[in-house]
Amino acid sequence: MTSTTRLLEGLGRIYVGLLLAFLYLPIVIMALMSFNASPFYQLPFEWTTKWYSDLASNAQLLAATWNSIEIAIIATVLSTLLGTAASIALFRYDFRGKRFLQALLLPPIAIPWLITGTAMLIFFFGVGIGRGLHAILLGHVALALPYVIVVVSARLQTFAPELEEAARSLGASQWQVTMRITLPWIMPGVIAGALFAFAVSFDQFVVSYFLSTPGQATLPVEIYAAIRKGFMPEINAVSTIIIVVSMGLMLVTARFFKFGGEK
Amino acid sequence: MADVRVEKVTRSFGAHKALDEVSIVFPDGGFYALLGPSGSGKTTLLRMIAGFDYPDSGSIVIDGDSVERVPVDKRRIGMVFQNYALFPNMSVADNVAFGLSVRGEAKATIAVEVQRALDLVQLGKLGERRPHQLSGGQRQRVALARAIVTRPRVLLLDEPLSALDKALRVDMQVELKRIQREIGITTIFVTHDQEEALTMSDRIGILRDGRLVQEGSPEEIYDSPASEFAATFLGDANILPGTAEGNGLRLADGTLVAARSTVLPAQGRAASCAVRPERIAILPAAVAMLDGKENSLAGCVAKRIFAGSVSTYFVDCAGQTVKVLVQNAGQPRLGEGDDVVLRWSPESTVLFAS
Ligand SMILES: Nc1ncnc2c1ncn2[C@@H]1O[C@H](COP(=O)(O)OP(=O)(O)OP(=O)(O)O)[C@@H](O)[C@H]1O
Ligand SMILES: [Mg+2]
């Protein structure tokens, strides 16, 4: 009995170890190579920060990085605001066609981005929105919205509608109820939705690729273009910076909002 | 404080009329119980008065103001919910403070008022606790304190005690009544517990299928039910069927039962009368003497249930079972199978057309 338990426990540890290795090893290697003098991953390892200073003077890559960050932040804010408001409305009001509307939210998550991207390109072209950063932003908001609504709505399912009624009976307006009762309760869901939205936008390649124009691209698109011309070690450098920053963000959020755990 | 008038309020859900022209006056400072079986429209009526829902037609007047189009937050009502509905992410004190703080009261005033309300419900020391750290009875007190701290015009309670166990419920009944008297607030209390309605309220309204079937003081409704439904819904009653004759009822076996002289059903029509089990005397057949003024029926004890201070006899007579409630005051007990005579006064007999 105990020996099998111990065996299972050992296997479990090995499994977790392998999982972490597969997830993180490539990232760690990339981070190390961003400090290696050889541009062709050659060993022995020789410390340098050359690629970081090269990056600082690579205007195109830097511009794309800022584009990505700006678009991701704006898309996150917009889709979180709109998505949260929509979730609360779907939760509070009953209207004709509500189920249908809710069902319509799911397919965009399942439809391949390649198809969504093509569709957006044709549509934006047709209605005169065209391509460029504004089109990318619009596309990202549309892509992120269903994620926010699904995540926030799931959290709202745990909310008792009597709490809103109780607050109303005590003299609170709809707005006060939303700000002081409903939002605090669904905040973990809103944060999780925002993280999803950020990830959808910041990692987005396919849709951004379709909607970008030369000089108006996000980082993933720019990296792809650069690799096609020939690998640049600056890409290791910029990727490392991004990973450190985004993992830092995730850790801070996870620390401040214990998901699900706290009552 | 204020009185509440509901006039011809109707509310339908699809084809179903949850409320059908209900008119009730809830007196200023009174404790009014809305009683009725499940689905009779009690909650629907309370929610109309609160302002969570609006009537299709009819009017609702609080303290002389027509409020049927006023939203809930402007009606100045206090409501206590069946499951308390305390805000889980706030302390007890913050829960109670909520109504004052959304009105923009000063911090110092709020602190004083909250403490006073918590003292009133005897929870003065628990202000810092979270709702999940309280017992059911304590949560109910917090909900009550929260509802009254804003000095509402009316206090509305929807089965506030039904989630509590029996002993605690009795304690809370006493407590609720004490607080209601102390602040003298007009109170509307929904329950489907008849005992609760009888012991707590000044007036009772009985709803059935969205209609008000009877209202009055607990004594009036208990002593003079207006229908068979009211008689059996509020308290226990024996219903004897027959045909209306003279001042009473002719039973199927030919016995004439005299009833209290009230509105009499048409002669010769099917009717029935109600007699409360505790109003009937049960005597051994051998010693029973005839008394012309009293109603009497001969029968045979089918079953006796002993319950300490009282016994319940089920007596077969005139083709049906009659329930009799007797105080165990030292008289000789009757056994199952004994021949007995039941006797009760015409004053305890209420006649209805059926
Ligand atoms: N929102 C609604 N939509 C449809 N029907 C409703 C709605 N609310 C209530 N009803 C119906 O109206 C009738 C009265 O309901 P109500 O909740 O007022 O009953 P109640 O007397 O409070 O019953 P209970 O003692 O079970 O709480 C019921 O038949 C119920 O099904
Ligand atoms: Mg109800």
If the requirement is being surrounded by fewer than 20 Cβ atoms within 10 Å (Cβ to Cβ), more than 14 Å from B:Ala147 (Cβ to Cβ) and within 16 Å of ligand 2 (Cβ to nearest atom), which of these qualifies: B:Pro37, B:Pro27?
B:Pro37
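Within the bounds of the range A:106-128, is there any residue that is assigned to a loop (DSSP other than H, G, I, E, B), within 27 Å of the chain's Cα centre (by Cα) and buried (at least 16 other Cβ atoms within 10 Å of the Cβ)?
So in the range A:106-128, the residues assigned to a loop (DSSP other than H, G, I, E, B) come out as A:106, A:111-112, A:128.
When the remaining residues are screened for being within 27 Å of the chain's Cα centre (by Cα), the result is A:106, A:111-112.
Narrowing further to those that are buried (at least 16 other Cβ atoms within 10 Å of the Cβ): none.
No, because not a single residue in the range A:106-128 is assigned to a loop (DSSP other than H, G, I, E, B), within 27 Å of the chain's Cα centre (by Cα) and buried (at least 16 other Cβ atoms within 10 Å of the Cβ).
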Evaluation of B:Asn95 against (1) surrounded by 21 or more Cβ atoms within 10 Å (Cβ to Cβ); (2) in contact (Cβ under 8 Å) with a residue 40 or more places away in the chain; (3) more than 13 Å from chain A (Cβ to nearest Cβ); (4) of a type outside the set (Ser, Thr, Tyr) (one fails), failing number:
(3)
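Here is a check on your reading of the model: is B:Ala252 at pLDDT below 85 and either closer than 21 Å to B:Ser227 by Cα or touching a helix residue (DSSP H, G or I) at 6+ places or on another chain (Cβ under 7 Å) (or both)? Even if it seems obvious, please write down each step before you answer.
Numbers: at pLDDT below 85: yes; either closer than 21 Å to B:Ser227 by Cα or touching a helix residue (DSSP H, G or I) at 6+ places or on another chain (Cβ under 7 Å) (or both): yes.
Yes; evaluated as a whole, the condition is true for this residue.
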Selection status of A:Ser169, in contact with a strand residue (DSSP E or B) (Cβ under 6 Å, 6 or more places away or on another chain) and without any contact (Cβ under 8 Å) to a residue 40 or more places away in the chain:
yes
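Quick grid of which residues meet (1) hydrophobic (A, V, I, L, M, F, W, C); (2) under 29 Å from A:Leu195 (Cβ atoms); (3) touching a His at 6+ places or on another chain (Cβ under 8 Å):
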position: A:Gly17; (1), (2), (3): no, yes, no
position: A:Ala21; (1), (2), (3): yes, yes, no
position: A:Leu32; (1), (2), (3): yes, yes, no
position: A:Thr49; (1), (2), (3): no, no, no
position: A:Ala63; (1), (2), (3): yes, yes, no
position: A:Thr84; (1), (2), (3): no, yes, no
position: A:Ser87; (1), (2), (3): no, yes, no
Of the residues in the range B:178-214, those that are part of a helix (DSSP H, G or I), under 16 Å from the mean Cα position of the chain (by Cα) and crowded, with 16+ Cβ neighbours inside 10 Å come to B:Gln194, B:Glu196, B:Ala197, B:Leu198, B:Met200
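Search the range B:344-354 for residues being open to solvent by 40 Å² or more (accessible area, probe 1.4 Å) and touching a strand residue (DSSP E or B) at 6+ places or on another chain (Cβ under 8 Å), and hand back the single one that is modelled with the highest pLDDT.
In the first step, residues of the range B:344-354 are kept if they are open to solvent by 40 Å² or more (accessible area, probe 1.4 Å); the result is B:347, B:353-354.
Filter once more, so that each one left must be touching a strand residue (DSSP E or B) at 6+ places or on another chain (Cβ under 8 Å): B:353-354.
On the way: B:Ala353: 80, B:Ser354: 75.
Among those that are open to solvent by 40 Å² or more (accessible area, probe 1.4 Å) and touching a strand residue (DSSP E or B) at 6+ places or on another chain (Cβ under 8 Å), it is B:Ala353.
Give me the helices (runs of 4 or more DSSP H) completely within the range A:162-249, filtered to those with at least 3 residues that are within 14 Å of chain B (Cβ to nearest Cβ), ordered by residue number. Spell out how you get there, then give the answer.
Numbers: elements: A:174-177, A:183-202, A:206-211, A:219-229.
Qualifying helices (runs of 4 or more DSSP H): A:174-177, A:183-202.
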Residues that are more than 14 Å from chain A (Cβ to nearest Cβ), in a loop (DSSP other than H, G, I, E, B) and either in contact with a helix residue (DSSP H, G or I) (Cβ under 6 Å, 6 or more places away or on another chain) or within 16 Å of ligand 1 (Cβ to nearest atom) (or both), drawn from the range B:55-84:
B:Pro55, B:Asp56
Would you tally the residues in the range B:307-326 being more than 25 Å from B:Ser261 (Cα to Cα) and in contact (Cβ under 8 Å) with a residue 24 or more places away in the chain?
5
For a quick check of your reading of the model, give me the residue pairs whose first member lies in the range B:141-166 and is surrounded by fewer than 23 Cβ atoms within 10 Å (Cβ to Cβ), whose second is of a type in the set (Asp, Glu), with beta-carbon atoms closer than 8 Å and at least 6 apart or on different chains.
B:Arg153/B:Asp63; B:Ser162/B:Asp193
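The values are calculated or read from the model by the stated rules, or taken from the named source; none is laboratory data. This structure is a prediction, so every number in the text was calculated from the model and none was measured. Cβ coordinates were reconstructed from backbone atoms using ideal geometry, including for glycine residues, and neighbour counts include every protein chain displayed. Ligands, DNA and RNA are stripped out before the accessible areas are found, and what is left, the full protein with its side chains, is counted by its heavy atoms. Shrake-Rupley method; radii C 1.70, N 1.55, O 1.52, S 1.80 Å.
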